[in-house]
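Peer 1: Quick one: the structure is below, questions incoming.
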Amino acid sequence: MSSEEESETSVKILSLKDKVEIVGYGETPTSRARQDKGEMKLTQQQYFVWASELAISKSGLVKKDFDGQGLAIAGSAYPHAEIWSAEIAQDLGITPSLLLRSDHGGMGGCALLHQSALAVASGVVDLVLCVSADTPMNITTPGAVRTWRYETEFQKPFGMMGPNSQFAFILRRHMYQYGTNQEQLGKIAITQREHALKNPNAYLKQPLTLDQYLSSRMIADPIRMLDACIPVNGGLAYVVASKEMAKKLPHRDNHVSLLGIAETDNYFEGSRMRPDITYLGIKDSSKKAFEMAQVNQRQINFFQPYDDYTVAVIMQIEDCGFCKKGEGGKFVEQNDITWKGNLPTNTGGGQLSSGQPAMAGGFVHVVESIRQLMGEGGERQVKDAKVGVATGIGAISYGNSLVNSITAVFGKS
Amino acid sequence: METDVSKANTYEKFLPEPSEFSKPFWDYCQKHELRMQFCGECSNWIWYPRASCPSCGTSEKIEWRKLSGKGEVYSFTIIRQVIDNSPAFQKDIPFAIGLVELEEGPRIYSNVKGDELKIGGKVEVYFEDVTPEFSLPKFRTAQ
């Protein structure tokens, strides 16, 4: 089916296939600001500027090229600045003509790509700098980060401990409905650690064994410490360009094309009041994104699913259609998901092992996709990578899983 | 109601911070009644409290309707480690939180106690008067 045709829901969607290119990326090293261990401690603004400069120079551009262009930033967990993008523009010394902003949680990295692609494809701007940075390790006041009203009013009085607890409900249900087991979850943690060892910017640098995974402490049973991502400070960025602009740039032979992108927000599987929490809207967004890209699962050379928890990877392997629903655990067990396997998954270590720079975490999967398609994966380079998928999921909701989902399909341009 | 100062001063855990439209829920809890918003337009329950019905969008005909307080465990977790902003829960560890599916439909998070905690296990509500202002709806294994 051509993406120009009507989708099943009879809503015309503009195809963004091959309309824009990603022409550069930037990624700072990660840190937990342990100055006693010689780790760097930088502010959020410093990371914003650092990641931006890396992406701009990688693209063969200079800051002033972004005057009159787009600047897209993802929200930060702290300090919740209400007007933040203008501050970043001042730090960078640019005068944009379009400011885009994401408050989509973990979906932010891909959501800004969606917004930027729309802006560039429509001709409003030729370039968008997408950047996010966050410094959760600099926050010293417990409880400084205020979250959703439902959390303060209807969860914390009962001892809910944030996302770890929320994901425990999802994982328990996945285990109950499908028989997903700890060895399968462990294989994800171990594989992504193996990838982190090959990623100079990753934080966790010790090899991981299944015994170590199985003996890591339970936090919110059945969620173990090693099922969760590790918070780090860091910044990431990428540059979206029109086809015309991309042609003028020095590295024009090594750009990445956006083949398909689609999001599904406030998703519920089944009934709104009683959703099946083992599903994500990725089921819907991936179908649309794959249709737009005109690719199928067999053509995907790598998969960078948003990985705040190990079970999220399993859920997305299912919801992206790499296997049937409920068989994600078995899929992981029976397939090679390393960088040299049949479905290389989170090839840079992902947030589980490379680190999650809080609200910038959704950029990890986009940037690793770009890096792989530019052939710059170093020791973890996926051989002959031509098409890859990144996802974002965000907004853990009361009584549901994460309700914002987005899927992006990339190709070598 | 007379204020029990000693009790109010010793409860260290988080207390709800009700909004204008969620306050009735806590007021009913204080009377040991479990009530949730119900949409008279589309006949769906609304939980947690909202300014309009997520099922049909209306902000009218929303009433507070009583529930039986009976339900079953849809999923649950055992908290084995507190995070740094919740030290008051340290002495309770390990403790259970269930996502309880009430027999009328809505699902609510709350503490669940009892011997056989399992998915599908039958539970019923009880109220814990933690301060003079707040009674928390909690669940225990049904008889």
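The values are calculated or read from the model by the stated rules, or taken from the named source; none is laboratory data. Bear in mind that the values here come from a model prediction, so they are computed numbers and not experimental data. Methodologically, a virtual Cβ is constructed for each residue, glycine included, from the backbone with ideal geometry; neighbour enumeration extends over all protein chains shown. The accessibility values were calculated without ligands, DNA or RNA, using every heavy atom of the protein model including side chains. Shrake-Rupley method; radii C 1.70, N 1.55, O 1.52, S 1.80 Å.
Peer 1: Between A:Asp36 and B:Glu60, what is the spin-label point distance in nm, taking each point 7 Å from the Cα along the Cα→C-beta axis?
Peer 2: The modelled label-to-label distance comes out at 6.4 nm.
Peer 1: With the crude spin-label approximation of a point 7 Å out along Cα→Cβ, what separation in nm comes out for A:Ser216 versus B:Glu103?
Peer 2: Simple spin-label model gives 4.2 nm for this pair.
Peer 1: While we're looking at this one, here's another question. Longer than 21 Å from Cα to Cα, which of A:Lys156/B:Lys91; A:Lys156/A:Lys283; A:Lys324/B:Lys118 are they? Say none if no pair is.
Peer 2: Numbers: A:Lys156/B:Lys91 16 Å; A:Lys156/A:Lys283 30 Å; A:Lys324/B:Lys118 26 Å.
Exceeds cut-off: A:Lys156/A:Lys283; A:Lys324/B:Lys118.
Peer 1: Excluding residues on the same chain fewer than 8 positions from B:Lys70, give the aspartates and glutamates whose Cα lies under 18 Å from its Cα.
Peer 2: Within the straight-line cut-off, B:Lys70 pairs with B:Glu33, B:Glu101, B:Glu103, B:Glu104, B:Asp115, B:Glu116, B:Glu124, B:Glu128.
Peer 1: Now for a separate question. Counting only DSSP beta bridges with both residues in chain A, what percent are antiparallel, rounded to the nearest 5? If you can, show how the numbers build up before the last one.
Peer 2: Values: 39 of 53 bridges.
The antiparallel proportion sits near 75 percent.
Peer 1: Using 0.36 nm times the number of residues separating A:Ile83 and A:Asp276, minus their current alpha carbon distance, what extension gain do you get?
Peer 2: 65.8 nm
Peer 1: Could I ask something else about it? Hey, what number do you get for chain A at 222 nm if only DSSP H runs of n ≥ 4 count, each worth -39500 (n - 2.57), divided across all residues, to the nearest 500? Each step should come with its number before you reach the end.
Peer 2: Values: 13 runs with 130 residues, N = 413.
Calculated at 222 nm, the ellipticity per residue is -9000 deg cm²/dmol.
Peer 1: For chain B, compute Rh as the Kirkwood radius over C-alpha pairs and then the Stokes-Einstein diffusion coefficient at 37 °C and 0.692 mPa s; write the answer in µm²/s, rounded to an integer. Kindly include the intermediate steps, with their values, before the conclusion.
Peer 2: Values: Rh = 16.4 Å.
It comes out at roughly 200 µm²/s.
Peer 1: Considering only DSSP beta bridges whose two residues both sit in region B:68-143, what percent are antiparallel, to the nearest 5?
Peer 2: The antiparallel proportion sits near 90 percent.
Peer 1: Report relative contact order for chain A in percent, whole number only (criteria: Cα-Cα under 8 Å, sequence separation at least 6).
Peer 2: Values: 1003 pairs, mean separation 103.9, N = 413.
25 percent.
Peer 1: Additional query: Under a no-solvent Debye model with one identical scatterer per Cα of the protein assembly as shown, what's log10 I(q)/I(0) at q = 0.07, 0.08, 0.12, 0.13 Å⁻¹?
Peer 2: Each listed q corresponds, in turn, to -0.41, -0.54, -1.17, -1.33.
Peer 1: Suppose R0 equals 25 Å. What FRET efficiency, 1/(1 + (r/R0)^6) with r the Cβ-Cβ distance, do B:Cys42 and A:Asp265 give to the nearest 0.05? Mind showing how you got there, number by number?
Peer 2: On the way: r = 21 Å, r/R0 = 0.86.
Efficiency computed from Cβ-Cβ geometry: 0.70.
Peer 1: A further question on this structure: List the relative contact order of chain B as a percent without decimals, with contacts defined as Cα pairs under 8 Å and 6+ residues apart.
Peer 2: Numbers: 265 pairs, mean separation 34.7, N = 143.
Worked out over chain B, it gives 24 percent.
Peer 1: Using the charge dipole of region B:50-143 (Lys, Arg: +1 at Cβ; Asp, Glu: -1 at Cβ; taken about the Cα centre), state which of B:Cys53, B:Leu136, B:Tyr74 has its Cα farthest towards the positive end.
Peer 2: B:Tyr74
Peer 1: How high is the FRET efficiency from A:Lys64 to B:Asp115, r the C-beta distance, R0 56 Å, rounded to 0.05?
Peer 2: Values: r = 69 Å, r/R0 = 1.24.
That pair, A:Lys64 with B:Asp115, gives E of 0.20.
Peer 1: Also, I was wondering about something else. Return the Rg/Rh value of region B:68-143, two decimal places, where both radii are evaluated on C-alpha atoms and Rh is the Kirkwood radius. Let's see the in-between values first.
Peer 2: Values: Rg = 12.8 Å, Rh = 13.0 Å.
Expressed as Rg/Rh, it is 0.99.
Peer 1: Going by a ≥ b ≥ c, the root eigenvalues of the Cα gyration tensor, does region A:20-138 fall in the rounded group (a/c under 1.5), the prolate group (a/b larger than b/c) or the oblate group?
Peer 2: Working: a/c = 1.91, a/b = 1.60, b/c = 1.19.
Prolate shape, in that a/c is at least 1.5 and a/b is the bigger ratio.
Peer 1: Follow-up question, since we're still on this one. Connecting C-alpha atoms closer than 10 Å in a GNM of chain A, tell me which of A:Gly281, A:Gly70, A:Gly399 has the biggest fluctuation.
Peer 2: In the Gaussian network model the winner is A:Gly399.
Peer 1: Among the helices of chain A (complete DSSP H runs), which have Cα atoms covering no less than 18 Å along the helix axis and a Kyte-Doolittle mean of at least 1.6? Write out the running numbers ahead of the final one.
Peer 2: Numbers: long enough: A:44-58 (21 Å, -0.19); A:108-121 (19 Å, 1.21); A:163-178 (22 Å, -0.63); A:182-197 (22 Å, -0.63).
TM-like helix candidates: nothing returned.
Peer 1: Nearest 100 Å² is fine: how much accessible area is buried between B and A, summed over both sides, with a 1.4 Å probe?
Peer 2: On the way: alone 9080 and 17000 Å², together 22340 Å².
Using a 1.4 Å probe on protein heavy atoms, the buried area is about 3700 Å².
Peer 1: Let me have the 222 nm mean residue ellipticity of chain B computed from DSSP H runs of 4+ only, each contributing -39500 (n - 2.57), with the sum over all residues rounded to the nearest 500.
Peer 2: Details: 2 runs with 14 residues, N = 143.
That calculation yields -2500 deg cm²/dmol at 222 nm.
Peer 1: Let me check against my output: what whole-number percent is the relative contact order of region A:20-138, with C-alpha pairs under 8 Å and at least 6 apart? Walk me through the intermediate numbers first.
Peer 2: Details: 185 pairs, mean separation 38.7, N = 119.
About 33 percent, as a whole number.
Peer 1: Further question on the same structure: Taking the alpha-carbon distance from A:Lys19 and a cut-off under 23 Å, which lysines remain once sequence neighbours fewer than 8 residues away in the same chain are dropped?
Peer 2: The reachable lysines, counting only those whose Cα sits under 23 Å from A:Lys19, are A:Lys58, A:Lys243, A:Lys247, A:Lys248, A:Lys287, A:Lys288, A:Lys386, A:Lys412.
Peer 1: Which is the longest stretch in chain A that no exposed loop site breaks, taking sites as GluC sites (Glu not before Pro) with a DSSP loop state and at most 13 other Cβ atoms within 10 Å? Can you show the working numbers first?
Peer 2: Numbers: sites that count: A:Glu4, A:Glu5, A:Glu6, A:Glu8, A:Glu82, A:Glu376.
With a cap of 13 other Cβ atoms within 10 Å, the longest stretch comes to A:83-375.
Peer 1: Another one. What's the FRET efficiency of B:Ala142 with B:Lys23 using the Cβ-Cβ distance as r and R₀ = 22 Å, to the nearest 0.05? Each step should come with its number before you reach the end.
Peer 2: Working: r = 29 Å, r/R0 = 1.32.
FRET efficiency, B:Ala142 to B:Lys23: 0.15.
Peer 1: I'm checking a number: the convex hull volume of the Cα atoms of region A:266-378, normalised per residue, in Å³. What is it?
Peer 2: On the way: hull volume 13.7 nm³, N = 113.
Taking only Cα atoms, region A:266-378 has a hull volume of 121 Å³ per residue.
Peer 1: Evaluate the charge dipole of chain A about its Cα centre and quote only its size in Debye, nearest 20, assuming +1 on the Cβ of each Lys and Arg and -1 on the Cβ of each Asp and Glu.
Peer 2: Details: 41 positive and 44 negative charges, 105 e Å.
Approximately 500 debye in magnitude.
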